[in-house]
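For reference, the structure is listed below as structure tokens.
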Amino acid sequence: MKDYKFTINGNIYKVSITSVDDNIANVEVNGTPYKVEMDKPAKKQIRPLTRPQKAPTTTSGEPVISRQPSSSQPGAIKSPLPGVILAIDVKIGDTVKRGQKLAVLEAMKMENSILADRDGVVKEIKINKGDSVLEGADLVIIG
């Protein structure tokens with residue numbers, strides 16, 4: 001039971017909602033009972049239980065998330081945030097300049113360009129388009 005106090009045109013009304021069934025509310029205004037019909041049924045307070053979704057896996061059954069190896073390779077460009085790889089703009093053997101875009105990472109609904117931090121040659125690409133990566137994971141190795 002919920003109690004409210006309303007002032008309308010200087011008059012004070014004590015309103016108690018005793019029950020709500022579908023679109024009918026039983027209320028008392030200053031002690032007088034009323035049945036109030038609402039246009040829409042009241043929202044249910046109980047939410048259905050939902051189970052967490054299973055993590056995505058590859059065809060071999062391994063998780064899709066690329067995990068950071070225990071020791072990082074020299075020349076590795078790392079992921080600044082956890083996210084999903086949208087595009088890879090280089091190939092193995094490409095010569096890259098400092099500031100050149102290597103890949104695009106979607107994180108928190110924003111696209112982030114992953115840039116080369118040094119001049120060099122792409123030795124290894126550790127990601128594929130669509131991969132989920134964690135923060136600090138090696139993306140591209142530049143030598």
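Some points to look at:
- Taken over the range 1-21, the criterion of being of a type outside the set (Ser, Thr, Tyr) and surrounded by 11 or more Cβ atoms within 10 Å (Cβ to Cβ) is satisfied by LYS14, VAL15, ILE17, VAL20.
- Of all residues in the range 102-122 being closer than 13 Å to ALA87 by Cα and over 15 Å from the mean Cα position of the chain (by Cα), the one that is most open to solvent (accessible area, probe 1.4 Å): LEU115
- In the range 10-29, the residues that are within 20 Å of LYS40 (Cβ to Cβ) and in a loop (DSSP other than H, G, I, E, B): ASP22, ASN23
- Filter pass, ALA137 being among the hydrophobic types (A, V, I, L, M, F, W, C) and surrounded by 16 or more Cβ atoms within 10 Å (Cβ to Cβ): yes
- Residues of the range 46-95 that are over 22 Å from LYS123 (Cβ atoms) and modelled with pLDDT under 65: ILE46, ARG47, PRO48, LEU49, ILE65.
The values are calculated or read from the model by the stated rules, or taken from the named source; none is laboratory data. Source: prediction; values computed, not measured. Heads up, the Cβs are rebuilt from the backbone with ideal geometry, glycines too, and the neighbour counts pull from every protein chain shown. Areas reflect the complete protein model, heavy atoms only, side chains present, ligands, DNA and RNA absent. Shrake-Rupley method; radii C 1.70, N 1.55, O 1.52, S 1.80 Å.
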